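**Q** Pasting a structure here, questions to come.
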Amino acid sequence: MASTGSTSKETVAVQIEPKTGISFPVTLDDGMELVAVGLRKKSILGLGGIKVYGFGIFADNEKLKEVLRLKMGSKAPSKPTKEMYEAVLESDVGMMVRKLNGGQSDQKLTAKVFADASDNIKLTSGSIIEITRLPGYILQTKVKDEVVSKVESELLCKGYFHMYLGDEAFDVDAKERFGQSLLSLF
């Protein structure tokens, strides 16, 4: 953990994603807590992984604790289990993935992520993208604090977070850190 100062002399605790150097606040204004950081890589033509973006996974830990205890009882398993991840993916607990583009302007990424959302969205250096599962299985996308889409779909919510917590997660180490944070909730 590191901390940074702001103009009002507040100290905000942050965690650094080590491969990109991108920092994420440990707690958001809405109370969600950072549970894992990771890196989305893409392999092109057999060349090594190209860094696409750093991400942080945030969650409402109190509600996750309730979900896990209902599903698994009060005794923690010795290591994260598929059942734990599935309980999280199936739940309606508030979670968010915050992505930063690592200080690069990338219109191709904008086109892929937002397709038909808006032609005037520009990902400038350090742009923040937040994709949040809200109660009622609503998947909300914000770019630079502006809501660009809201879709009510249980399937879409599960599918989106499956990319980060499923069997073939973008960053296996981040998924494992998320699992360890789940164990600490027991």
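The values are calculated or read from the model by the stated rules, or taken from the named source; none is laboratory data. Not measured: the values here are computed from a predicted model. Counting neighbours? That spans all protein chains shown, and the Cβs are built from the backbone with ideal geometry, glycine included. To get the accessible areas, we keep the full protein, side chains included, count just its heavy atoms, and leave off ligands, DNA and RNA. Shrake-Rupley method; radii C 1.70, N 1.55, O 1.52, S 1.80 Å.
**Q** Can you confirm whether VAL52 is open to solvent by less than 70 Å² (accessible area, probe 1.4 Å), under 20 Å from the mean Cα position of the chain (by Cα), modelled with pLDDT under 95 and hydrophobic (A, V, I, L, M, F, W, C)?
**A** Judged against the criteria, VAL52 is a match.
**Q** Right, ASP60: modelled with pLDDT of 70 or more, open to solvent by less than 90 Å² (accessible area, probe 1.4 Å) and under 15 Å from GLY179 (Cα atoms) or not?
**A** Yes.
**Q** Follow-up question, since we're still on this one. Could you list, in sequence order, all residues of the stretch 158-179 that are out of contact with any strand residue (DSSP E or B) (no Cβ under 7 Å at 6 or more places or on another chain), under 16 Å from PHE58 (Cβ atoms) and open to solvent by 50 Å² or more (accessible area, probe 1.4 Å)?
**A** Hit for the stretch 158-179 is MET163, nothing else.
**Q** Have a look at LYS65, LYS42 and point out the one that is open to solvent by 50 Å² or more (accessible area, probe 1.4 Å) and modelled with pLDDT under 90.
**A** Details: LYS65 fails: modelled with pLDDT under 90.
None of the other options fit; the residue is LYS42.
**Q** Which condition does SER149 not pass, out of (1) farther than 20 Å from VAL35 by Cβ; (2) surrounded by 14 or more Cβ atoms within 10 Å (Cβ to Cβ); (3) modelled with pLDDT of 95 or more, if it passes all the others?
**A** Going through (1) farther than 20 Å from VAL35 by Cβ; (2) surrounded by 14 or more Cβ atoms within 10 Å (Cβ to Cβ); (3) modelled with pLDDT of 95 or more one by one, SER149 breaks only (3).
**Q** If you don't mind, another one. State whether one or more residues within the stretch 21-32 are open to solvent by less than 80 Å² (accessible area, probe 1.4 Å), free of Cβ contacts under 8 Å to residues at least 60 places away in the same chain, in contact with a strand residue (DSSP E or B) (Cβ under 6 Å, 6 or more places away or on another chain) and not polar (S, T, N, Q).
**A** Among the residues of the stretch 21-32, at least one is open to solvent by less than 80 Å² (accessible area, probe 1.4 Å), free of Cβ contacts under 8 Å to residues at least 60 places away in the same chain, in contact with a strand residue (DSSP E or B) (Cβ under 6 Å, 6 or more places away or on another chain) and not polar (S, T, N, Q), which makes the answer yes.
**Q** Those residues that are within 15 Å of ARG177 (Cβ to Cβ) and at pLDDT 90 or above, I need them from the stretch 19-39; list them, please.
**A** Answer for the stretch 19-39, where residues must be within 15 Å of ARG177 (Cβ to Cβ) and at pLDDT 90 or above: PHE24, VAL26, GLU33, LEU34, VAL35, ALA36, VAL37, GLY38, LEU39.
**Q** Counting only residues that are part of a loop (DSSP other than H, G, I, E, B) and either modelled with pLDDT of 95 or more or under 19 Å from GLN15 (Cα atoms) (or both), which one in the stretch 171-186 is nearest to the chain's Cα centre (by Cα)?
**A** My answer is ASP171.
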